1. Considering amide H positions built from the backbone, and no H for Pro or chain starts, which residues 5 or more places from residue 101, or on another chain, come under 5 Å of its amide H?
2. Farthest toward the dipole's positive end in the chain, which of 32, 216, 142, given Cβ charges of +1 (Lys, Arg) and -1 (Asp, Glu) about the Cα centre?
3. Of all the Cα-Cα pairs you can form in the range 1-116, what percent are over 21 Å apart?
4. Report the Cα centroid-to-centroid distance between the range 162-176 and the range 208-227 in angstrom, as an integer.
5. Would you work out which of 120, 153, 238 lies farthest towards the positive end of the dipole of the chain, given +1 charges on the beta-carbon of Lys and Arg and -1 on that of Asp and Glu, about the Cα centre?
6. How large is ³J(HN,Hα) for each residue in the range 151-159, as worked out from phi by the Karplus curve 6.51 cos²θ - 1.76 cosθ + 1.60 (θ = phi - 60°), to whole Hz, x for Gly and Pro?
7. Probe of 1.4 angstrom, ligands and nucleic acids ignored: what's the accessible area per residue over the range 26-239, in square angstrom?
8. Tell me, what HN-Hα J-couplings in whole Hz come from the Karplus equation 6.51 cos²θ - 1.76 cosθ + 1.60 at θ = phi - 60° for each residue of the range 164-173, using x for Gly and Pro?
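The values are calculated or read from the model by the stated rules, or taken from the named source; none is laboratory data. Fair warning: this is a prediction, and the values are worked out from it, not measured in the lab. Cβ coordinates were reconstructed from backbone atoms using ideal geometry, including for glycine residues, and neighbour counts include every protein chain displayed. Accessible surface areas use protein heavy atoms only, side chains included; no ligands, DNA or RNA. Shrake-Rupley method; radii C 1.70, N 1.55, O 1.52, S 1.80 Å.
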Amino acid sequence: MREDTPLTIYGETFSSRLLIGSALYPSPKIMQESIVAAGSEIVTVSLRRQNSVSAGEDFWQLIKDTGLTVLPNTAGCHSVKEVVTLAKMCREVFATDWIKLELIGDEYNLQPDPIALLEATDILLNDGFKVLPYCTDDLVLCQRLAALGCEVLMPWGAPIGTGKGLLNPYNLKTIRERLPDMTLIVDAGLGLPSHACQALEMGYDAVLLNSAIAGAGCPVLMAKAFSHAVSAGRSAFLAQAMPEKEVAAPSTPTMGMPFWHQ
């Protein structure tokens, strides 16, 4: 059995391996209850998609009242200039140098722009930000981001909001194997607790999701289901699964059986 270690993000440790978003819930009350049910310690927020003044102040207060670590994101940005400007605004508003870097290159499937992502990451790291880049499941891109100095990477499971799960397990496994010491979080595209469990089973350190909980018929119950799934996946990874076999193998010993049954 592998020895368990806490989730580590830029030197800070956390017990929960389920990061949760704060958008799309039917009501603020359900959002709060879902976050509690998930057992999350980190909640993501989007400054661009929320009004940080007037009516938006009630929302920010709700987030602060959770007592969780806030991870601002740059959702909705399509250029390096937009990302850098918004990241600096987030640092002022939320008093944190953490930033979940989202830089969209294709409006249809909301795929991150790999070229601009590298440029923006380099700029923000040099400006003192602790960058958590949202990227595709491309090994070379992940290697380049790691080389720039990122300590956390967030490859997608599938396009944002699709709920399709892990579309390319091979790519995700390869990233895990080639970057064994990197904190890796599957971000986007998960729809079911089994998807989260699968990510943790293959050795990913955590998952981040929003729509799968907020868009469920009962978000609070779904949040609890994801919490259990993440815990189960982590335990399965630590336990080390039996090797797969090409042929059947009996699970019941034959000792003591008549010879004609052996």
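1. 132, 134
2. Working it through, the farthest residue towards the positive pole turns out to be 216.
3. Roughly 44 percent, rounded to a whole number.
4. Cα centres, the range 162-176 to the range 208-227: 20 Å.
5. It is 238, whose Cα lies furthest towards the positive end.
6. Residue by residue, the range 151-159 yields 9, 9, 10, 10, x, 7, x, 6, x Hz.
7. Solvent-accessible surface per residue comes out at 43 Å².
8. Result, rounded to whole Hz: 7, x, 8, 6, 10, x, 4, 4, 5, 5.
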